[in-house]
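The values are calculated or read from the model by the stated rules, or taken from the named source; none is laboratory data. A quick note: this is a predicted structure, and the numbers were derived from the prediction, not measured. Cβ placement follows ideal geometry from the backbone for every residue including glycine, while neighbour counts extend to all protein chains displayed. Keep in mind that these areas ignore ligands, DNA and RNA; they rest on the heavy atoms of the full protein, side chains included. Shrake-Rupley method; radii C 1.70, N 1.55, O 1.52, S 1.80 Å.
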Amino acid sequence: MKLYNFLSGKIPQLALKTNVPYRELTTLGVGSSLPLLAEPSSTEQLSSLLELLCKKSVPWFIFGAGSNVVGMDKPYSGVGIRLDSKAFGSCSIDGESVTCGAFTRLPRLAADLAEAGLGGLSPLAGIPGTIGGAVRMNAGANGTEIGRFVSLVRGFDRSGKAWERSGSDIEWRYRGCDIPEDSVITEVEFKFEKSTPEIEQAIITKELAARREREPFGRTAGCVFRNVSAVEPAGMLIDKCGLRDCHFGNLALSAKHANYIINLGNASEEEYFALVSTCRRAVAEKFGFYLQLEQCCIDPGFRDRLNNFVPAVKVNVLAGGVSSEREVSLNSANAVYNALKRAGLDVTMSDIKSCRVTNSMRRSHVVYPVLHGGFGENGELQKQLEKEELSFVGSGSVACNLIMDKILTKRLLDRLMLPTARWTIVTRENREIPENLKFPVILKVPDEGSTVGIIKVNTPDEWQSAVEEELRLADEILAEEYIDGIEITVPIVQGNVLDAIEIRSPGGFYDYDAKYVYKNGHTEYFCPPVSLDESALAEAKRAALILYRAAGCRDILRVDFIVSKEDNIPYMLEGNAIPGCTETSLVPKAAKEAGISFERMTTDLVYAALRRPAVRSGAVQVAPNSALVATALWMIRICCWCCAAFLAVIGAVHIKYNMPGYPLLLGAFLIISAEPMFKWLHRMQRNSKSGKSK
């Protein structure tokens, strides 16, 4: 009441309501009632309201249509804000540009656009929320997200100051964006595509019919949890845990769609918590995913309470490094981080610039290095993690060093008798043209990845300048004979060989430009390959698995080959123990082809590391020789007996000449009796423990 009087005194025209039941504010209707609701009817009132609440440090919650909101049992300590539908619900269409207030209903806007012959938003016609809520959550359906059409967003920050942002400056992500949560959206401008009313109306009709078919009737707030991936929707995961149609008090998971909760009566927030925590725990136990709420809870501590009740695995993703592949690493690590977040794991990301174990690594259950090149891939960081017995994703220090060093890899391939291009080593002292190699020749820096430091030398005239350029990067250079053929790569994930990927670069040489820059055109990828027969692919897979096992790799490896056009033999080029890991990188491409989502792949690697016992680097223990131990034991006994005899003789002499000698005799007795005394006490201790256990 005190807050009511304060606001009504400061903003007399502001509409205020008290003790508003949540069943009137939300579609789900969970919870008791909201103590105070403010309904500003102008931007001036909204600005003044936010300014006052900020100065008084009063929390607030913005309501739209309430279609994805969960109420509270206890009284909310702040103010609910709901924009006036007339003042903030207008919509104007000017050609392909559309401006509408934040309280405009999304279905209404989709219908108006269809009538005006504008396309793009029709697949979202079944989403019941307002434009403000839809933009904040980047609402999506059927492969379409609203964020792609936004050209400008206007609103107010928590202190009541006006702001606006271009749609291109907003980071749009799955079911969210980077618009601050403590701000209010008031108006949105869109840019849509030309279409026809007939086409758009047909899409809307089809979408509404599909929603009626799959969505349950009753009081709901839409989907409860976010989907983990396209192939692991939350409803399917909950259903496979046997929770479809599960009841808890006045709430039930729908028998029609397991990701919907239906309010059967006057359900409480506690009943809602019990049901969603049951789903989260069950899916985590069965699939290793920790479902995240898509619905908004008025209680600011609800999500933390849920996450603490069913805590997720803590993962520290390592990004960056200091090698020439730093930018590639940042992109890969960001993709892994987002995939693990979608899987619900408790993830942090660290930009690593020195080879040392940090506190964030120690606080995590699993460390996930996504560091291409340098100390992050050559085994140095892995050795530090092994010394502290920390669990981490990927190969150990020895295997990383072997795979990273192309010369060491070549030597191993020769010992394994696996086909590889003829090669030699070029140094500053020995930089002459190798007699055993035919041109063209490929020069490679041994410890670089991402095709950094690779030069194709076509003629002897190009040799010296190319070698000089390479020797600026390393003291030893790998020179190997160029093989004219089809390049493929074979991914291995947790010992499972996935389908090979054929790489068709525009210039016929898969260098840095073909991989990342595309100045000469885009590289094509085919999974499975389209230009090779099964015998060559089978041989490549066999050779890749041999390298994986022989090098002592684990978790993930990508092996590159050239299949010669001359003899159809796959010649192994090198391996990569920490391959690129964006969603469009080669290993995730092959995993997707095998039906494994990026979220599933990265999460499985985390659990593989978590199950694996951490082994201290260099801590392999060898059993001591039993004869040597027995000899050492008898030598110690003889030394003790000699000392006892010496003390006994000296003590006897002292007594003979009336000198204090009894302490010396006592010392001799204690030395002789120490071993049987310790054996007796040890036996008594064992008997005592045995008696307690019984």
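Observations on the structure shown:
- Prolate/oblate/rounded call for the range 130-208, Cα gyration tensor, a/c under 1.5 rounded: prolate
- Restricting the range 308-373 to trypsin sites (Lys or Arg not before Pro) that sit in a DSSP loop and have at most 14 other Cβ atoms within 10 Å of their own Cβ leaves 353, 356.
- Tensor-based shape of the range 253-307 (alpha-carbon gyration tensor, a/c under 1.5 rounded, otherwise prolate or oblate): oblate
- Entries of 406/541; 286/341; 74/240; 240/341 with Cα pairs more than 25 Å apart: 74/240
- Trypsin sites (Lys or Arg not before Pro) within the range 383-465: DSSP coil, no more than 12 neighbouring Cβ in 10 Å: 428, 438
- Accessible surface comparison of 57, 350, 85, probe 1.4 Å, protein chains only, largest first: the order is 57, 85, 350.
- The range 338-456 shape via C-alpha gyration tensor axes, a/c threshold 1.5: prolate
- Taking the chain and dividing mean pair separation by its residue count, relative contact order in percent (alpha carbons under 8 Å, at least six apart): 9
- Total charge dipole magnitude, the chain, about the Cα centre, Cβ charges on Lys, Arg, Asp, Glu only, Debye to nearest 20: 4020
- Rg followed by Dmax, in Å, when the chain is reduced to its Cα trace: 35.0, 128
- Net charge, residue 287 excluded, C-beta distance under 9 Å - Lys, Arg +1, Asp, Glu -1: +1
- For the chain, the longest principal axis of the alpha carbon atoms and the long axis of helix 326-342 meet at an angle near 70°.
- Positive dipole terminus of the range 278-425, leading residue within 417, 322, 403 (C-beta point charges): 417
- Residue-count net charge about residue 309 - beta-carbon cut-off 11 Å; Lys, Arg +1, Asp, Glu -1: +3
- Near residue 429: Cβ cut-off under 15 Å, other residues only, Lys/Arg at +1 and Asp/Glu at -1. The net charge is -3.
- Rounded tilt (10° steps) of 197-214 against the dominant C-alpha axis of the chain: 60
- Checking every one of the chymotrypsin sites (Phe, Trp or Tyr not before Pro) in the range 1-90 against DSSP loop status and a limit of 13 other Cβ atoms within 10 Å picks out no site at all.
- Axis angle, to the nearest 10 degrees, between helix 269-287 and the longest C-alpha principal axis of the chain: 40 degrees.
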